[in-house]
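Here is the structure we will look at.
The values are calculated or read from the model by the stated rules, or taken from the named source; none is laboratory data. Everything numeric in this text was worked out from a predicted model, so none of it was measured. Cβ: placed from backbone, ideal geometry, glycine included. Neighbour counts: every protein chain shown.
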Amino acid sequence: MKKRNVAVMVGALTLSAVATVANAYEFGSSGWAQKPGIVLGAAAAAPPPGLYGFDQVFTYQSNLVGPGAPVNPGGASTGVKADVFAQGLLWVPGWNFLGATYDVVGVVPFISASVGPPMDANPSGMHNMFLANELS
């Protein structure tokens, strides 16, 4: 019994020494990946059978400041801008499986971003397509 307690204690200490910090953010904080008001996922109930289209559009402008931010000559902050458009389709064929309604949803986001000096990066294009088969 003592060997087991020692093994558990050694395992717990090793895990606590090796584990890294979880970077969790509250909704709306500066580290949050999505702008407030953007909805991800679908409602619990599927709409009536049909083909539905939807989109989400937003723009984001900010400055990188503080510890770890890029340093510009004269202390100027680095500007960041993102323009995002996501087009989605939802198809509900009217099929049922074990009492649940089947639907398919797909979303293709397009992004145009820019980061000012000293980085001067301007990536743009499609980004992480979402495709899901759902039962609701």
Are any of the residues in the range 117-126 acidic (D, E) and part of a loop (DSSP other than H, G, I, E, B)?
yes
What single numbered condition from (1) surrounded by 10 or more Cβ atoms within 10 Å (Cβ to Cβ); (2) modelled with pLDDT under 75 fails to hold for G66?
(1)
Just to be sure, is G88 on the phi > 0 side of the Ramachandran plot, over 15 Å from the mean Cα position of the chain (by Cα) and assigned to a strand (DSSP E or B)?
no
